[in-house]
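K.L.:
So that we are looking at the same thing, I have put the structure below in structure tokens.
Only the coordinates and a few stated rules stand behind these numbers; no lab work does. This one's a predicted model, so the numbers in the text were calculated from it and none came from an experiment. Neighbour counts run over all protein chains shown; Cβ positions are idealised from the backbone, glycine included.
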Amino acid sequence: MQKMINRYKNSILLSAIGDSLGWITEFEKSKDSINTKYGNIEVTSFQDWEKYVGGRFNGYLDKIKKGAYSDDTQLLLAVARAINEDGRVDNVYFSKIELTSWLSYARGAGRTIKNAAKKISRKSADWNNNFFVFSAGKNKIDYRESGANGAAMRILPIALANRGKPEIIKEEIFSNSIITHGHPRALVGAILYGFAVNKMLQQNLLDFSYKDYLTDLGSNIEEQYNTSFLSNSKYTDWQDKWNSEWSLDFITLYNETVNEVLIALRSVYLNIKNNNNETDALTEFGCFDPKTKGSGVATVIAGIYLSIKHYNNPKQAIISSVNAIGADTDSIAAFAGGLCGVLYEGNCVPKEWSQVQDEMYLSNMAEKLYGISKGGFEKINKQEVIFEMKSLNDIKNDSYQLNEKITFNPLGEGVIIKIDRQKTLTSGKYNLILDVEFNCGQSCKFSKMLDIKSNNAETFFEN
């Protein structure tokens with residue numbers, strides 16, 4: 001039993017570690033820029049670093065601590081909290097509580113997932129009816145075109161909670177994914193990652209064969225990815241609406257994407273067999289092309305490739321992912337870490353990476369997911385909202401104090417451990433930034449732009 005628990009812990013922890021390290025390099029342009037900032041041409045250790053967020057006129061400088069993770073891990077935890085004792089996801093709870101509240105503490109999130117989280121708050125929107133359009137520069141992006149990896153990056157808990165149940169894994173990942181993404185590339189990529197984790201849990205480190213693993217992952221692929229579950233009434237309206245306002249048929253596009261996966265898996269095999277250069281391999285997968293670098297399929301394929309190429313050295317799998325400059329490094333590293341981790345029955349987390357943000361909470365969540373996979377484990381507890389306490393769900397003014405106890409739905413009770421205030425370029429405005437540690441074990445950073453005059457905040461900026 002303990003050996004399997006270790007596999008779960010390794011998977012969750014290495015996924016978060018990959019996210020943390022890859023977040024540092026995600027927007028770097030070259031190894032020279034990394035060397036200038038961190039004194040090394042590669043990022044191999046946790047760093048204190050900074051990033052300006054929120055736009056030129058209303059933003060602030062986010063001071064990011066060593067080991068801090070981004071939206072990949074935040075949403076992974078949100079999905080984990082939404083899993084019932086039977087391994088099924090409570091998508092109503094996830095979409096209407098976890099996802100909408102996540103916007104208050106999101107870090108490093110992309111446009112699609114943030115827009116999906118905003119749109120699901122509409123009364124007319126449901127987990128299986130969150131069709132939306134958003135602007136990306138001068139372009140309008142339809143939900144049906146959203147094929148990035150924002151779904152795949154959060155579904156590791158679903159695969160772990162349903163170990164050995166591929167049909168449930170497939171449907172639960174699909175149903176959770178359509179809350180935010182409508183293109184089959186996002187949905188199939190997420191299912192691919194779930195299957196990859198599930199099949200890795202069946203492997204033995206001592207006799208692992210990348211050829212056998214890839215063969216199993218790609219065998220009878222049409223049947224593995226069949227969408228017979230879409231006949232269920234909870235999906236029929238979604239599919240009808242998808243088709244009614246689009247020139248392409250969903251199932252046709254879905255099946256074409258499944259075929260892309262098969263071709264990509266063959267490419268993974270050949271690149272490993274021929275010991276090809278990793279950069280060349282990732283280029284072939286589409287990881288550096290601006291049109292496909294964040295693709296739900298391309299990034300998962302990259303994670304599979306690097307995890308099985310370096311299956312006997314998880315640290316190298318993550319380092320290679322993190323330093324694939326120009327690719328979606330945090331997500332690829334999280335996928336590679338999650339896959340490598342489930343192969344190891346003993347602790348495989350390098351000591352220098354053990355101080356990842358919320359390490360204890362991540363480990364505890366892994367144990368609970370293992371318990372669910374065995375059957376009969378109690379539901380992951382939802383945190384109670386303390387109505388007598390000040391809430392962070394809707395920050396209206398600057399009335400918070402250091403060490404003050406607060407409440408936040410869905411994370412429950414916490415305490416403010418740091419307060420920062422930064423002026424914006426917009427005259428008369430500033431950002432209130434609160435670092436909070438919650439009793440459940442998760443830590444978050446909240447920000448809210450406020451009016452200086454109405455909050456009597458002039459004294460904070462006198463110097």
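K.L.:
Show which lysines lie in cross-link reach of residue 241 when reach means a straight Cα distance below 30 angstrom and same-chain residues fewer than eight apart are skipped.
P.N.:
Those lysines meeting the cut-off are 96, 114, 118, 119, 123, 138, 140, 165, 170, 291, 293.
K.L.:
Hey, can you rank 337-348, 199-210 by average C-beta count inside 10 Å, highest first? Please report the intermediate quantities before stating the final value.
P.N.:
Numbers: 337-348: 23.7, 199-210: 14.0.
Descending mean neighbour count gives 337-348, 199-210.
K.L.:
Compute the separation of the alpha-carbon centres of region 309-379 and region 146-163 and state it in Å as a whole number.
P.N.:
Between the Cα centre of region 309-379 and that of region 146-163, the gap is 14 Å.
K.L.:
Give the aspartates and glutamates reachable from residue 273 as a straight Cα distance under 19 Å; neighbours fewer than 8 places away on the same chain don't count.
P.N.:
Once the sequence-local aspartates and glutamates are set aside, what remains near residue 273 is 207, 212, 216, 284.
K.L.:
Follow-up question, since we're still on this one. If one computes P(r) from the Cα atoms of region 390-461, what percent of pairs lie at distances over 19 Å? Write down the numbers at each step before the final one.
P.N.:
Working: 828 of 2556 pairs.
Here the tail beyond 19 Å accounts for 32 percent of pairs.
K.L.:
Can you tell me, using C-alpha contacts under 8 Å and at least 6 residues apart, the relative contact order of region 390-461 as a whole percent? Mind showing how you got there, number by number?
P.N.:
Working: 126 pairs, mean separation 17.8, N = 72.
Relative contact order of region 390-461: 25 percent.
K.L.:
Further question on the same structure: Using just the helices of the chain, give the 222 nm mean residue ellipticity in deg cm²/dmol: DSSP H runs with n ≥ 4 each add -39,500 (n - 2.57), and the total is spread over all residues, rounded to 500. Show your work: numbers first, answer last.
P.N.:
On the way: 16 runs with 196 residues, N = 463.
After summing the helix terms and dividing by the residues of the chain, the value is -13000 deg cm²/dmol.
K.L.:
Continuing with the same structure: When only Cα pairs under 8 Å and 6 or more residues apart are kept, what is the percent relative contact order across the chain?
P.N.:
On the way: 862 pairs, mean separation 107.6, N = 463.
Reported relative contact order: 23 percent.
K.L.:
Which lysines have a Cα less than 20 Å from the Cα of residue 453, not counting those fewer than 8 places away in the same chain?
P.N.:
Within reach: 396, 423, 429.
K.L.:
In addition: In the chain, what percentage of the DSSP-assigned beta bridges are antiparallel, given to the nearest 5?
P.N.:
On the way: 34 of 36 bridges.
Bridges in the chain are about 95 percent antiparallel.
K.L.:
Also, I was wondering about something else. Compute the long axis of helix 250-273 from its Cα atoms, compare it with the longest principal axis of the Cα atoms of the chain, and write down the angle in degrees, 0 to 90, nearest 10.
P.N.:
The two axes meet at around 80 degrees.
K.L.:
Same structure again: For percent of Cα pairs over 41 Å apart, several values are listed as (1) 67; (2) 14; (3) 18; flag the one computed from this structure.
P.N.:
Read-out from the structure maps to (2).
K.L.:
Listed highest first by mean packing, meaning other Cβ atoms within 10 Å per residue, what order do 47-53, 97-103, 259-265 come in?
P.N.:
On the way: 47-53: 14.1, 97-103: 19.9, 259-265: 18.0.
In decreasing order of mean packing, 47-53, 97-103, 259-265 become 97-103, 259-265, 47-53.
K.L.:
Per-residue counts of other Cβ atoms within 10 Å, averaged by peptide: what ranking do you get for 418-426, 303-311, highest first? Write down the numbers at each step before the final one.
P.N.:
Numbers: 418-426: 15.0, 303-311: 26.0.
Most protected by this proxy first, the peptides run 303-311, 418-426.
K.L.:
How far is helix 71-81 tilted off the main Cα axis of the chain, in degrees rounded to 10, range 0 to 90?
P.N.:
Its long axis makes an angle of about 80 degrees.
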